Amino acid sequence: MKWSISVILIFILSFTNAQKKLSETLNYKDVTYKIKDTTQQKLDIYLPQRSDKKSPVLVFVHGGGWAQGNKALKDDYYLSDFVLRLVKAGYAVVSINYTLLNENTHFPAPIEDTKEAIRWIRVNAGKYNFDSENIGVWGASAGAQIGLIAANTDDSQFSEHSDFPNYSAKVNYFIDYFGPSDMNKLFRTKAPGFVIFIFKLIFPKIYDIRNKLVFGFTGYDIKGQKDEAMNGLKIYSPITYINNSSVPTLMIHGTKDKIVPYSQSEILKEVLDKNNVKNELISIKKGNHGLNEDSDHELMFEKTFKFIKENTH
């Protein structure tokens, strides 16, 4: 798709304007919600104009391949715009950081962090005028995998290190933007040996990244500890936790996603349907991972906002 100079300039001006307005809506930045050892996990709070009415809360969990990314929305035009529009509509948006994976840090830390952030919101509901009875979670890419597990597990799971054990991490709904649901299928752990061998020859860098991510998730080497690694990936697959009491779920996914295939949302929808869980899958035709280019952002917001309103009481 070719863009004229005028179209590019309009996009840049719109993006800059949205960023300025969003920064004006950012009421509280870098608020610490969890301290573990010497590491602090922080969040940003976007609040609507003050009123006597409590604000429903939407928790945003960022993407970044589990090893990078942060809570700032400055590089995502349409996400910034969506947050701004939600805040104008009376919703509080809380964007969180979480523990990133590396050679020494593995799951379930990001899930524990997300559930702790939800508890923190309830603990501090009075201070920020949050409606603690109306909390939803919105995750993008890796953040969707983390958030799906946090939203669909009970308060006894992934909560061992909570500082707020008397507060619930339960939420009302989940919004999944192009997230993975079956980690073994995503990482092709069941592919025949010769397929993996050919893949390694043709895509050595991607093969190495895949192995490092599996280790980051599970702490096991897929090459020498395959069974243990596959079991770990099952534990951290959102579909493992779907049952007939799971939360209503909206999925938005691009059909040309080469990072997290569209089939991952199809898998999730199938499991949700089998368990009679309210859900909807919105297909973005020819949409890539991130849905930044050639994607119908107005449709995405319309479906997202409609879903939020339907599941806010």
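Mind listing just one residue for me: the one in the range 51-62 that is outside any strand (DSSP E or B) and at pLDDT 95 or above and, of those, surrounded by the most Cβ atoms within 10 Å (Cβ to Cβ)?
Among them, the one singled out is HIS62.
Just to check your reading of the model, which residue among LEU291, LEU281 is under 18 Å from the mean Cα position of the chain (by Cα) and in a loop (DSSP other than H, G, I, E, B)?
LEU291
Of the residues that make up the range 190-213, is at least one at pLDDT 95 or above and of a type in the set (Val, Ile, Thr)?
No, that holds for no residue.
Could you list, in sequence order, the residues of the range 35-47 that are modelled with pLDDT of 95 or more and part of a loop (DSSP other than H, G, I, E, B)?
Within the range 35-47, LEU47 is the sole residue that qualifies.
Just checking, does the range 283-301 include any residue being within 28 Å of ASP131 (Cβ to Cβ), of a type in the set (Phe, Trp, Tyr) and either buried (at least 19 other Cβ atoms within 10 Å of the Cβ) or outside the structural domain of TRP66 (by TED's automatic domain parsing) (or both)?
no
Which condition breaks for ASP257 when tested against (1) surrounded by 15 or more Cβ atoms within 10 Å (Cβ to Cβ); (2) more than 23 Å from TYR78 (Cα to Cα); (3) of a type in the set (Asp, Glu)?
Tallying (1) surrounded by 15 or more Cβ atoms within 10 Å (Cβ to Cβ); (2) more than 23 Å from TYR78 (Cα to Cα); (3) of a type in the set (Asp, Glu), ASP257 fails exactly one: (2).
Would you be able to tell me the number of residues in the range 43-77 that are more than 20 Å from ILE175 (Cα to Cα) and either touching a helix residue (DSSP H, G or I) at 6+ places or on another chain (Cβ under 8 Å) or not acidic (Asp, Glu) (or both)?
9
Among all residue pairs at least 6 apart or on different chains, which show Cβ distances below 6 Å where the first residue, located in the range 117-131, is of a type outside the set (Lys, Arg) and the second is in a helix (DSSP H, G or I) and surrounded by 17 or more Cβ atoms within 10 Å (Cβ to Cβ)?
Close Cβ pairs satisfying both conditions: PHE130/ILE121.
Can VAL83 be described as farther than 28 Å from ASN211 by Cα and of a type in the set (Val, Ile, Thr)?
In short, yes.
Every residue, every condition in (1) surrounded by fewer than 15 Cβ atoms within 10 Å (Cβ to Cβ); (2) of a type in the set (D, E, K, R); (3) assigned to a helix (DSSP H, G or I); (4) not assigned by TED's automatic domain parsing to the domain that holds ASN288, yes or no:
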site: SER162; (1), (2), (3), (4): no, no, no, no
site: ASN166; (1), (2), (3), (4): yes, no, no, no
site: ALA169; (1), (2), (3), (4): no, no, no, no
site: ASP176; (1), (2), (3), (4): no, yes, no, no
site: PHE199; (1), (2), (3), (4): no, no, yes, yes
site: ILE209; (1), (2), (3), (4): yes, no, yes, yes
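Looking at the range 63-102 only, could you name the residues that are under 14 Å from the mean Cα position of the chain (by Cα), of a type in the set (A, V, I, L, M) and assigned to a loop (DSSP other than H, G, I, E, B)?
ALA67, ALA72, LEU73, LEU100
Kindly indicate whether ASN279 is assigned by TED's automatic domain parsing to the domain that holds LEU73, closer than 15 Å to TYR177 by Cα and without any contact (Cβ under 8 Å) to a residue 40 or more places away in the chain.
yes
Would you mention how many residues in the range 116-160 are surrounded by 20 or more Cβ atoms within 10 Å (Cβ to Cβ) and among the basic types (Lys, Arg)?
Result for the range 116-160: 1.
The values are calculated or read from the model by the stated rules, or taken from the named source; none is laboratory data. These figures come from a predicted structure and were not determined experimentally. Counting neighbours? That spans all protein chains shown, and the Cβs are built from the backbone with ideal geometry, glycine included.
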